[in-house]
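Enquirer: Next up is a structure, given as structure tokens.
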Amino acid sequence: MKKMFKIAAVAAMVLGCSACSNTQEETTWEDQLIEENKLIVGISPDYPPYESLENGEMVGFDVDMMAELEKYLGVEVEFEQMTFSTIVDAVNLGQVDVGVSGFTYDPERQVLFSDPYLESAQVILTKNDSGIESAADLNGKVVGAQLGTTGADAAAEIEGATVELNQDANILVEALKAGQMDAVVIDILVAQNYEASDSSLVVLEEPLIDEENGIICSTSNELLMEALNDAIAQFKDSDAYEELKTKWGM
Ligand code: ARG
């Protein structure tokens, strides 16, 4: 009986019998996940308050947001820590389903971007005794930025500045504090977070570029992106959205 059904189904597929088409199941985004019932998320926890490590535990707005999206998506979120500059490739190679790391929409990145979940900007973080008041003052100075970020692109545009790239955003801020560089170009919410926790640091008011943050997935995964956008819309409509922004000072 079962076998007969199988043969009938295969025949229907081969013949393209429309009346029998309900025997063919449509592919869903869940079918395209790397592991069943799991959303594997590439993340670079060096970017407080988006994501960072606290006593070995990953915390931040993005981490809490994924716990919210998990509810709407109905699959379990699993984080995989990686260097920021490798996440786009990991997404495209199918090593992770999505990338979540304070990603900024950038048309040069060959991935799908979700609807925005936060506003951002690239800004200059410097020491408050540096005498640097605008990008023009960075002529002849050393400016740090994270490898593979839009901050690195923005830093490269600053006239006369020598750009030093690092894989790790935390190391850049440490180098700035230690006087090894004159400024760091970084997302505004991250810069403000450092400014609030260290009185020797200041964020320059004039942004280099305004941006928006989104979640990324492979260009071959449009169904997943639709599901993510649905979940993001529900999250942004919920009380949790404002609560998390307040919790993380964003
Ligand atoms: N928003 C910037 C970009 O998309 C930097 C993001 C860095 N994120 C991180 N977790 N280190 O290029």
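The values are calculated or read from the model by the stated rules, or taken from the named source; none is laboratory data. Since this is a predicted model, take the numbers as computed values, not measurements. So basically every Cβ, Gly included, is an ideal-geometry build from the backbone, and we count neighbours across all protein chains shown. Remember, those area values only see protein heavy atoms, side chains included, never the ligands or the DNA or RNA. Shrake-Rupley method; radii C 1.70, N 1.55, O 1.52, S 1.80 Å.
Enquirer: Within region 47-75, how many residues are open to solvent by less than 30 Å² (accessible area, probe 1.4 Å) and in a loop (DSSP other than H, G, I, E, B)?
Expert: Within region 47-75, residues that are open to solvent by less than 30 Å² (accessible area, probe 1.4 Å) and in a loop (DSSP other than H, G, I, E, B) number 5.
Enquirer: Something else about it: Which of the residues belonging to region 125-156 are within 16 Å of residue 104 (Cβ to Cβ) and open to solvent by less than 40 Å² (accessible area, probe 1.4 Å)?
Expert: Selection gives 145, 146, 149, 150, 151, 152, 154, 155.
Enquirer: Continuing with the same structure: Which one of these is in contact with a Ser or Thr (Cβ under 9 Å, 6 or more places away or on another chain), in contact (Cβ under 8 Å) with a residue 12 or more places away in the chain and either at negative phi or not hydroxyl-bearing (Ser, Thr, Tyr) (or both): 196, 169?
Expert: Just one listed residue meets the conditions, 169.
Enquirer: Could you check, for region 57-70, whether at least one of its residues is more than 10 Å from the ligand (Cβ to nearest atom) and small (Gly, Ala, Ser)?
Expert: Scanning region 57-70, I find at least one residue that is more than 10 Å from the ligand (Cβ to nearest atom) and small (Gly, Ala, Ser), so the answer is yes.
Enquirer: Quick one: which residue in 246, 219 is without any contact (Cβ under 8 Å) to a residue 24 or more places away in the chain and either surrounded by fewer than 15 Cβ atoms within 10 Å (Cβ to Cβ) or acidic (Asp, Glu) (or both)?
Expert: 246
Enquirer: Same structure again: Search region 157-174 for residues being open to solvent by less than 20 Å² (accessible area, probe 1.4 Å) and within 24 Å of residue 249 (Cα to Cα), and hand back the single one that is nearest to the ligand (Cβ to nearest atom).
Expert: Step by step, filter region 157-174, then rank; the result is 169.
Enquirer: Can you report the number of residues in region 47-56 which are among the small types (Gly, Ala, Ser) and within 11 Å of the ligand (Cβ to nearest atom)?
Expert: The qualifying residues number 1.
Enquirer: Another question, if that's okay. Which members of region 71-93 meet the condition of being aromatic (Phe, Trp, Tyr) and within 14 Å of the ligand (Cβ to nearest atom)?
Expert: Once the filter is applied, which keeps residues that are aromatic (Phe, Trp, Tyr) and within 14 Å of the ligand (Cβ to nearest atom), region 71-93 yields 79, 84.
Enquirer: I would also like to ask the following. Among (1) in contact (Cβ under 8 Å) with a residue 24 or more places away in the chain; (2) open to solvent by less than 70 Å² (accessible area, probe 1.4 Å); (3) assigned to a loop (DSSP other than H, G, I, E, B); (4) not β-branched (Val, Ile, Thr), there is one condition residue 211 misses while meeting the rest; what is its number?
Expert: Here residue 211 meets the rest and fails (3).
Enquirer: Still on this model: Looking only at region 94-136, count every residue that is away from the ligand (no atom under 16 Å from the Cβ) and small (Gly, Ala, Ser) and tell me the total.
Expert: Residues in region 94-136 being away from the ligand (no atom under 16 Å from the Cβ) and small (Gly, Ala, Ser): 6 in total.
Enquirer: Could I ask something else about it? From the set of residues in region 25-46 that are among the aliphatic types (A, V, I, L, M) and more than 16 Å from the ligand (Cβ to nearest atom), which is most open to solvent (accessible area, probe 1.4 Å)?
Expert: 34
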